[in-house]
Amino acid sequence: MLKLLGAVLVVVAGALAGFTRAAQYADRPRNIRGLIAALQRLETEILYGYTPLPEALHRIGQQSKGTLQAFFTAAAEEMSPPLNRTAEEAFKRAVEQHFRSASLKGAEKEIIRQLSCTLGTSDRSNQSTHIALALQQLKQEETVAREDQGKYEKMSKSLGLLLGVLIVILIF
């Protein structure tokens, strides 16, 4: 009876590991879409609202959810007094703090890093151009993420379960 309980626990652990990995593949396109929407709002705030960057980031943080909310709020706080960091430094710190838990890859982080180098250092139209470029790159990454999700999500679920069964077979 104890062996059966152990076998069930091993299979369940394998299945949960597979489902966790599959959830990461499902979350990535969703997080990228959220980031795209947030950057579009940032572009609107800068171009049409004439809003200072820290205030715009704070507003976007309030409108976002989850990791993106924490990210934009942290970036706004880093740029506001008493810290008064540049956009590049603020975004770097915010990415380090809040994108670890998100299922975003290095490509998305690099896009944000490149964008942060130009935010706050040029006029509104130039910033809008750089945001549009970042949006285009993120849309390409979203396409890749959806393809990966289609390829690997189902496989991860199955592989986790099958790995658990394999371990049970090898042990017993």
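The values are calculated or read from the model by the stated rules, or taken from the named source; none is laboratory data. Predicted model only: the values in this text are computed from it and were never measured. As a convention, Cβ positions derive from the backbone with ideal geometry for all residues, glycine included, and neighbour counts pool all protein chains shown. When the accessible area is computed, the model is the full protein with side chains, heavy atoms only, and any ligands, DNA or RNA have been set aside. Shrake-Rupley method; radii C 1.70, N 1.55, O 1.52, S 1.80 Å.
The table below gives the values:
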{"read-out": "For residue 108: the one exception among (1) modelled with pLDDT of 90 or more; (2) surrounded by 17 or more Cβ atoms within 10 Å (Cβ to Cβ); (3) under 17 Å from the mean Cα position of the chain (by Cα); (4) not hydroxyl-bearing (Ser, Thr, Tyr)", "value": "(1)"}
{"read-out": "Flag for residue 67 being under 30 Å from residue 160 (Cβ atoms), among the β-branched types (Val, Ile, Thr), open to solvent by 20 Å² or more (accessible area, probe 1.4 Å) and outside any loop (DSSP other than H, G, I, E, B)", "value": "yes"}
{"read-out": "All positions within the range 70-89 that are over 25 Å from residue 28 (Cα atoms), open to solvent by 40 Å² or more (accessible area, probe 1.4 Å) and either part of a helix (DSSP H, G or I) or free of Cβ contacts under 8 Å to residues at least 24 places away in the same chain (or both)", "value": "77, 81, 82, 83, 84, 85"}
{"read-out": "Within the range 116-126, considering residues that are part of a loop (DSSP other than H, G, I, E, B) and either in contact with a His (Cβ under 9 Å, 6 or more places away or on another chain) or of a type outside the set (Gly, Ala, Ser) (or both), the one surrounded by the most Cβ atoms within 10 Å (Cβ to Cβ)", "value": "119"}
{"read-out": "Residues that are within 15 Å of residue 127 (Cα to Cα) and either of a type outside the set (A, V, I, L, M, F, W, C) or modelled with pLDDT under 85 (or both), drawn from the range 38-86", "value": "40, 41, 43, 44, 45, 48, 49, 50, 51, 52, 54, 86"}
{"read-out": "Exclusive hit being surrounded by fewer than 20 Cβ atoms within 10 Å (Cβ to Cβ), small (Gly, Ala, Ser) and part of a helix (DSSP H, G or I), set 37, 22", "value": "37"}
{"read-out": "Hits in the range 92-115 - residues which are within 16 Å of residue 36 (Cβ to Cβ) and either charged (D, E, K, R) or part of a helix (DSSP H, G or I) (or both)", "value": "105, 107, 108, 109, 110, 111, 112, 114, 115"}
